[in-house]
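The numbers here are math on the coordinates, done by the rules we state, and not lab data. Small disclaimer: the values here were computed from a predicted structure and weren't measured. Note that each Cβ is placed from the backbone with ideal geometry, even for glycine, and that neighbours are counted across all protein chains shown.
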Amino acid sequence: MNQHPTDKKADEEGASWIEANDPFRLFHEWLEKASANEPNDPNGMALATVDAQGLPDLRMVLLKGADERGFVFFTNLESAKGRELAANPRAALCFHWKSLRRQVRIRGPVDRVSDAEADEYFATRARDSQIGAWASRQSRPLETRFELEREVARYAAKFGLGKVPRPPHWSGFRLAPVQIEFWRDRPFRLHDRLVFEREKPEGAWRTSRLFP
């Protein structure tokens, strides 16, 4: 049987990833590989929240930071996800790197990042994106595209050539994981699954393997 190149690479890595004891280090190793192989947005991740009726909600966002404290993303606090996280500060993330045939699933409580963190990241955004953060009433009804363009023009004129401050309704969230699952494709759908779990964000990790 001929192996897919990714399978051969996985065999070369051996069991070292299964024996890993630091999920953050392993995540960054996988993200680095994805950054070298994924054609678009290797930091793209699905974010799942729950609305007031208990109905799950899902959308793609971009990871903007990851360390031992958790996984960070930014958004309009008045958007659907912002409102849902304010009411129920728990979420799930999923990274799927098709080129590597790998995915990572993450669950845990969510907290707002500090104003200083939000200000620092907002200052790195492209100016048009900064103005867009002021102009867009995210997730709310839009009559016509012209309404959005008019708001963009209004805020562009308001700020002129000066610095665009962070809107008070725009900030970030940090998910502090209590569960991280690493999934790796294997032949005949006999996939590898390694799970890190802990009772609370500051607790010690325990690991287990799952049937595919």
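Dipole of the stretch 124-165, Cα-centred, from +1 at each Lys and Arg C-beta and -1 at each Asp and Glu C-beta, to the nearest 20 debye?
Dipole about the Cα centre, nearest 20: 180 debye.
Just tell me the longest site-free run in the chain, where the sites are GluC sites (Glu not before Pro) in a DSSP loop having at most 12 other beta-carbon atoms within 10 Å. The longest uninterrupted stretch comes out as 69-142.
Note on the stretch 124-165: Cα-Cα pairs beyond 12 Å make up 58% of the total pair count.
When +1 charges are put on Lys and Arg Cβ atoms and -1 charges on Asp and Glu Cβ atoms, the dipole computed for the stretch 41-98 relative to its Cα centre reaches about 60 debye.
For the stretch 26-146, the relative contact order is 22 percent, taking Cα pairs closer than 8 Å that sit 6 or more residues apart in sequence and dividing their mean separation by the residue count.
Rounded to the nearest 20 debye, the dipole size of the chain about its Cα centre is 400 debye, using +1 on the Cβ of Lys and Arg and -1 on the Cβ of Asp and Glu. Scanning the chain for trypsin sites (Lys or Arg not before Pro) in DSSP loops with at most 12 neighbouring Cβ atoms within 10 Å leaves 1-97 as the longest stretch between them. Placing pseudo-labels 7 Å out from each Cα toward the beta carbon at Thr144 and Trp205 gives an inter-label distance of 5.4 nm. Here the chain yields Rg over Rh of 1.03, to two decimals, using C-alpha coordinates and the Kirkwood radius.
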